[in-house]
Amino acid sequence: VGAVRYLASQPWPFPASLMIGCHGEALTDAITLDPVELEEARWISREEMVTVMAGAHPEVRPARKGAIAHFLIAAWLADRLD
């Protein structure tokens, strides 16, 4: 990841914790997965994410409304990550 900018945050369910959402610039399309942290990772195009957010993707479910993930994805789809 290259340049990273903070965009938003929300409380996390662990005591005194905070989840932050950032915009990061990918320097490569290679993904190195840490299986202790994540089970799966993939790149999803803007067009495919529109299908995800509409609830019509066969494998990926949309982020829950009110979640920081939903905010970040909606901002990305609207081209408003500034």
Counting only residues that are without any contact (Cβ under 8 Å) to a residue 12 or more places away in the chain and outside any strand (DSSP E or B), segment 1-27 contains a total of 4
State whether one or more residues within segment 28-43 are in contact (Cβ under 8 Å) with a residue 40 or more places away in the chain, part of a loop (DSSP other than H, G, I, E, B) and under 24 Å from Trp12 (Cβ atoms). no
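One line per residue, one yes/no per condition, for (1) more than 16 Å from Phe71 (Cβ to Cβ); (2) surrounded by 10 or more Cβ atoms within 10 Å (Cβ to Cβ); (3) more than 12 Å from the chain's Cα centre (by Cα):
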residue: Gln10; (1), (2), (3): no, yes, yes
residue: Pro15; (1), (2), (3): yes, no, yes
residue: His23; (1), (2), (3): no, yes, no
residue: Ala26; (1), (2), (3): yes, yes, yes
residue: Asp29; (1), (2), (3): yes, no, yes
residue: Glu39; (1), (2), (3): yes, no, yes
### Message
Given the criteria under 24 Å from Gly2 (Cα atoms) and part of a loop (DSSP other than H, G, I, E, B), does Leu81 qualify?
### Response
yes
When segment 44-73 is checked residue by residue, the ones that are surrounded by 15 or more Cβ atoms within 10 Å (Cβ to Cβ), free of Cβ contacts under 8 Å to residues at least 24 places away in the same chain and part of a helix (DSSP H, G or I) are Thr51, Val52
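Taken together, the values in this text are just the output of simple stated rules run on the coordinates, not laboratory data. All figures in this text were calculated on a predicted structure; none of them were measured in a lab. With ideal geometry, Cβ positions are generated from the backbone for all residues, glycine too; neighbour counts draw on all protein chains shown.
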